[in-house]
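Readers should treat all values here as calculations from the given coordinates under stated rules, not as data from a laboratory. Predicted model, so just to flag it, every value in this text is computed and none were measured. For neighbour counting, all protein chains shown are included, and Cβ atoms are generated from backbone atoms with ideal geometry for every residue, glycine included.
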Amino acid sequence: MNFTDVAIEAEAERLLGSLMHVECDPKGRKWNLETCREIAPLTLEINQLKQEKNAVILTHSYVEPEIVYGVGDFKGDSYFLSLKAKEAQADVILFAGVVFMAETAKILSPQATVIVPDRGSGCSLADSITGADVKRMKSLYPDAAVVCYINSTAEVKAECDVCVTSGNVYDIVAALPQQRIVFVPDRLMADNIRHELRQRGVNKEIISSDGTCMVHEEFDVAQIKQARARFPGLKVVSHPECTEEVAQASDFVGSTGAMMKYVKATQAPYFLMLTECGLVGRLEVEDPEKNFIGGCRLCPYMKLNSLEKIRDALRAPRPEQIVTLDENLRQRAARCIDRMFELTPAAT
Ligand code: 13P
Ligand code: SF4
């Protein structure tokens, strides 16, 4: 598509309004009018394709900032984006995130064509367990409630009683009537659930599988101690996919959405964000007065998204970019996610 110089200049200025604040750029780029001009034809084309195809783009906060601020219609954490996928009236949902998120969108909006820019955008948690593994765990613990973290495949969700996200996991697990809980696939989140339930005086046995998030498992307490020594007044903010030790050494633990709310509401000289770097980029844009010290890491799967792949997938998706699910499996997975919506406190 051809755009006039005037349209490109206006788009570059619009992009610059957000991107100029990003220092934690995954490719080390410095955003200025020139770099914004380079991507402006792409964002203009994508935004035009969205109108032509009645498409909506859901962006997880971990994808690159030019996607979040250039073409994203909704940006946020897994819970927020699954709500938006459920409400979507669009013919096409493009999920700039990872494949399990796009599958969740298809489960909740089966009438829409759901597309992913890169079929290789897996997740070390979602890829750690199969539906057959969950069936085996269910047969070992027939009295247990089977709970899956949303970072799981549709096949796994179809075997589970209820799904949770990082934003509602503690409340939902605490509210389940069963004393025994099989929790998949995140072993470290399971440790954090045990800790939190002990704090709340809730007695439950949590049996977990062995998955971990390759990004969050790498943070350690030594790093927190060093940072606190160097930056007095520092606030440490972590995700429940981190180890229990890291979570306990943090000032705040929550979903990426809750982490953002906490930083925006907190006055402190510095913040250490123990999560994926994309979240720091979002905070730099939306709360430019705050200071972030190093610590975040890149998720290689989230970084497989790009404006070029989004444009190509919207123009004419290749078969592997279109999410398809067996209808029986989809309905079983939908029951597991709908149970989550029923059990989630309104404020999440
Ligand atoms: P959130 O739902 O908190 O955004 O987490 C998603 C995720 O993949 C974290 O690694
Ligand atoms: Fe999966 Fe971890 Fe990447 Fe999130 S950050 S998508 S949990 S690998």
For this session: Could you tell me which of the residues Pro65, Pro117, Pro26 is surrounded by fewer than 20 Cβ atoms within 10 Å (Cβ to Cβ) and at negative phi?
Result: Pro26
For this session: Scan region 42-59 for residues that are free of Cβ contacts under 8 Å to residues at least 60 places away in the same chain and either among the aromatic types (Phe, Trp, Tyr) or at negative phi (or both) and jot them down.
Result: Leu44, Asn47, Gln48, Gln51, Glu52, Val56, Leu58, Thr59
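Here's the yes/no breakdown for (1) within 16 Å of ligand 1 (Cβ to nearest atom); (2) in a helix (DSSP H, G or I); (3) of a type outside the set (A, V, I, L, M); (4) crowded, with 16+ Cβ neighbours inside 10 Å:
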{"residue": "Tyr79", "(1), (2), (3), (4)": "yes, yes, yes, yes"}
{"residue": "Ser82", "(1), (2), (3), (4)": "yes, yes, yes, yes"}
{"residue": "Phe95", "(1), (2), (3), (4)": "yes, no, yes, yes"}
{"residue": "Glu103", "(1), (2), (3), (4)": "yes, yes, yes, yes"}
{"residue": "Lys106", "(1), (2), (3), (4)": "no, yes, yes, yes"}
{"residue": "Gln111", "(1), (2), (3), (4)": "no, no, yes, no"}
Problem set entry | Which listed residue, of Pro142, Pro177, Pro185, is more than 17 Å from Gly254 (Cα to Cα), in contact with a Leu (Cβ under 8 Å, 6 or more places away or on another chain) and of a type outside the set (A, V, I, L, M, F, W, C) | Pro185
For this session: Could you check how many residues of region 286-298 are assigned to a loop (DSSP other than H, G, I, E, B) and either within 14 Å of ligand 2 (Cβ to nearest atom) or without any contact (Cβ under 8 Å) to a residue 24 or more places away in the chain (or both)?
Result: 5
For this session: Identify the residue in region 117-146 that is assigned to a helix (DSSP H, G or I) and within 16 Å of ligand 2 (Cβ to nearest atom) and, among all such residues, is farthest from the chain's Cα centre (by Cα).
Result: Ser128
For this session: Inspect all residues belonging to region 206-214 and state whether any of them is free of Cβ contacts under 8 Å to residues at least 40 places away in the same chain and within 16 Å of ligand 1 (Cβ to nearest atom).
Result: no
Exercise. Of the residues Leu283, Leu274, which is over 16 Å from Glu66 (Cβ atoms), within 16 Å of ligand 2 (Cβ to nearest atom) and either without any contact (Cβ under 8 Å) to a residue 60 or more places away in the chain or surrounded by 21 or more Cβ atoms within 10 Å (Cβ to Cβ) (or both)?
Worked result: Leu274
For this session: Those residues that are out of contact with any Asp or Glu (no Cβ under 8 Å at 6 or more places or on another chain), among the polar types (S, T, N, Q) and in a helix (DSSP H, G or I), I need them from region 231-278; list them, please.
Result: Gln248
